[in-house]
Structures are given as structure tokens and as C-alpha cells.
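Note sheet for the following structure.
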Amino acid sequence: MKLKTIQTILNHPLNQGSKVTALIRFLKRGILIRLHRFPIVYPFIENTFLIVEKGMASAELQIYTGLYDLNEMLFLMHFLREDDVFVDVGANVGVYSILASGVAGSFSIAYEPIPSTFGKLKRNVDYNDLNHKVRLLNLGVGDKAEKILFSDSLDAINHVIQEPGFKGSTMQVDVTTLDISLADTAPTFLKIDVEGFEANVIRGAIKILEKPELKVIIIETNGLSDKYDFGQNYIHNELIASGFSPFDYTPSDKKLRPLSETNPQNTIYVRDYAFVEKRLQTARKIRLNGILI
């Protein structure tokens, strides 16, 4: 695991000109996180912070790389405006919501089903003084309102349990749908990262997909959804039918590039391309590692 983490850090675009510095930062911060008995506050992007402690592997990667999902996260900050509503499905400790509300200034609605992780999400929101900008919901999201069995000790990869013989710690979680939960809300931007349950989330968001205010969806497309009820093809077909198209994003020139198929990790789906492109081209630059992007 440590070797994979080191490879990820060294191959990250923000570390290409400073691999030795990145490795030293990883070693120093990694040792500190593991030896320190208390959570550590790290400066994040612009005037935001992340609170990290041992066992928070996903949050640690943000600290080691500067911005882990570089293209998607910069796209989010370039696109969002203060009047927008950002919906963070599978918020974990709140990295995307902190960027959306703490940097871009939009209003966020963050769903996190696991109580221990939800506490860390709330801690990050509280520390960044974003309670007025982020609505926190300790709920899972799927295709119907029910209780579902989740793993609860796997950090950012906690997931709905369907595999037979799962040996880890589990718990029953209350699950809603976006159509139910957001019935009176018109979101601008959805981010969905639920470790394979993405197709179920989309199936429970048919009315939300019809709302013209919704312009962007970033969704995990790594194939994990194929082990659940509907699968990755369902996601793609539903989004295409709703007028969305898949894109890559180049932050340096703020350009979207159309894709013929989904990305192996996350895919940006856009509807109303002209609107989104205008937003991007008029976006302010984000200060990252001492430079403006």
C-alpha cells in the first residue's frame, strides 16, 4: 500500500517538477500523522483547511499531492459560482464540499452515510466556518428509500455490501433518493462517488436529471457499479438520454474535450455546453502551490 501511495504521489501532475520535494513531504507528513495522537490541521486550497488523522488515506492523498483529483477539482472550482447548488453524494470527509463552498462560494448539500466519517465531515465544515454554506445529511443515497447494509471501517472505500462472505465490520444505514431528498431543490452540479452504487443513485434521480438548472455531473466510472443491480452502461445511457455528454477537462486553458467513452476513474458529464464553456472562460484563477491556474 505504501509503495502504491508513493507511486501515486510521484506520478501526480503537480509533482512532476518536484518529485524529491514531494517524496520528502510525504515522508515527513506521513510520519507526523502516524505518530501524532491528535488530528492535524493542514492548509488546503486558498483559505481552506483539512483536518487529517491516522487512517484517513483519502484525505492524506490531498495533502501529499496538493489536489488529488486535479482536473475534476479544478473544473469544479472554475465552474461553480456563489448562487449555485453543489450536491456531494458520497462526501467522505468533505474535500469536494470544502472546495465548492470554501473556495468557489457555492451552497453545498453533502451526503455521507457512515456516522464516524460523517463526524469527520462535520469537523471539516465546522473548522472552515462553512455551516451556513453546507447542509450535512447523514444518509446514503440510492434508488429507493430503505435501510441497506454498508461496510463501516474502510475509510473512503466504505460501500454497500452485496458480496457474499464479507468479513469486515458492517452497519445498517438509512438510504434516500435524490428525487425525494432534493424535491424542492434545483442543483447545478452533482458529484457522485459511492464505490459502485452510482447507477442506483442515478436511478433514484430521474426527476432531478430533468431539471434544467442541472448542468454538470462528475461521477465515478471505474466499473465498480457493474457488481450492483444496474451497472455502468445504465449510468452512461441515462445521462446521454438526459442530454449530458462526457468530457475531459484541461485546467491550464480551461477547455473541455469531448470523450468517445468514459474515463477509467471519474468522468465529467456536461449539459448545455455553451453555458458551461462560458462559465469556464470567465472563471477566476485558483491559487495552487503558489501559482494561479
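Selection within the range 47-59: residues that are part of a loop (DSSP other than H, G, I, E, B) and under 18 Å from the mean Cα position of the chain (by Cα). The member of this set that is farthest from Leu35 (Cα to Cα) is Thr48. Note on the range 177-196: residues that are crowded, with 19+ Cβ neighbours inside 10 Å, at pLDDT 95 or above and not aliphatic (A, V, I, L, M) amount to 7. Before we move on, is Ala22 under 23 Å from Pro115 (Cβ atoms) and of a type in the set (Gly, Ala, Ser)? So Ala22 does not fit the description; no. So, in the range 95-152, of the ones that are over 29 Å from Thr170 (Cα atoms) and small (Gly, Ala, Ser), which residue ends up surrounded by the most Cβ atoms within 10 Å (Cβ to Cβ)? My answer is Ala100. The range 60-179 holds strands (runs of 3 or more DSSP E) entirely within its bounds, and those carrying 1 or more residues that are touching an Asp or Glu at 6+ places or on another chain (Cβ under 6 Å) and among the small types (Gly, Ala, Ser) map to 107-111.
Scan the range 252-271 for residues that are modelled with pLDDT of 95 or more, over 12 Å from Glu198 (Cβ atoms) and touching a strand residue (DSSP E or B) at 6+ places or on another chain (Cβ under 9 Å) and report the count. Total meeting the criteria: 8. Of all residues in the range 160-176, those satisfying the criterion of being under 21 Å from the mean Cα position of the chain (by Cα) and either crowded, with 17+ Cβ neighbours inside 10 Å or charged (D, E, K, R) (or both) are Val160, Val173, Asp174, Val175, Thr176.
Listed here are the residues, each with its yes/no results for (1) closer than 14 Å to Val216 by Cα; (2) modelled with pLDDT of 95 or more.
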| residue | (1), (2) |
| --- | --- |
| Glu53 | no, no |
| Ser58 | no, no |
| Leu74 | yes, yes |
| Val87 | yes, yes |
| Ala91 | no, yes |
| Gly94 | no, yes |
| Ala100 | yes, yes |
| Ile109 | no, yes |
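Close Cβ contacts (under 8 Å, 6 or more residues apart or on different chains) running from residues in the range 272-293 that are under 11 Å from Met77 (Cβ atoms) to residues that are part of a loop (DSSP other than H, G, I, E, B) and of a type in the set (Lys, Arg) comprise Leu280/Lys254; Ala283/Lys254; Ile293/Lys285. Condition (residue is under 25 Å from Ile109 (Cα atoms) and in contact with a Lys or Arg (Cβ under 8 Å, 6 or more places away or on another chain)) applied to the range 257-266: is it met by at least one residue? Checked against the condition, which is being under 25 Å from Ile109 (Cα atoms) and in contact with a Lys or Arg (Cβ under 8 Å, 6 or more places away or on another chain), the range 257-266 yields no hits at all. Kindly indicate whether any position in the range 24-31 is part of a loop (DSSP other than H, G, I, E, B) and out of contact with any Cys (no Cβ under 9 Å at 6 or more places or on another chain). No, there is no match, as no residue in the range 24-31 is part of a loop (DSSP other than H, G, I, E, B) and out of contact with any Cys (no Cβ under 9 Å at 6 or more places or on another chain).
The values are calculated or read from the model by the stated rules, or taken from the named source; none is laboratory data. Please read all numbers here as calculations on a predicted model, not as lab measurements. Glycine also receives a Cβ, built like all others from the backbone with ideal geometry; neighbour counts cover every protein chain displayed.
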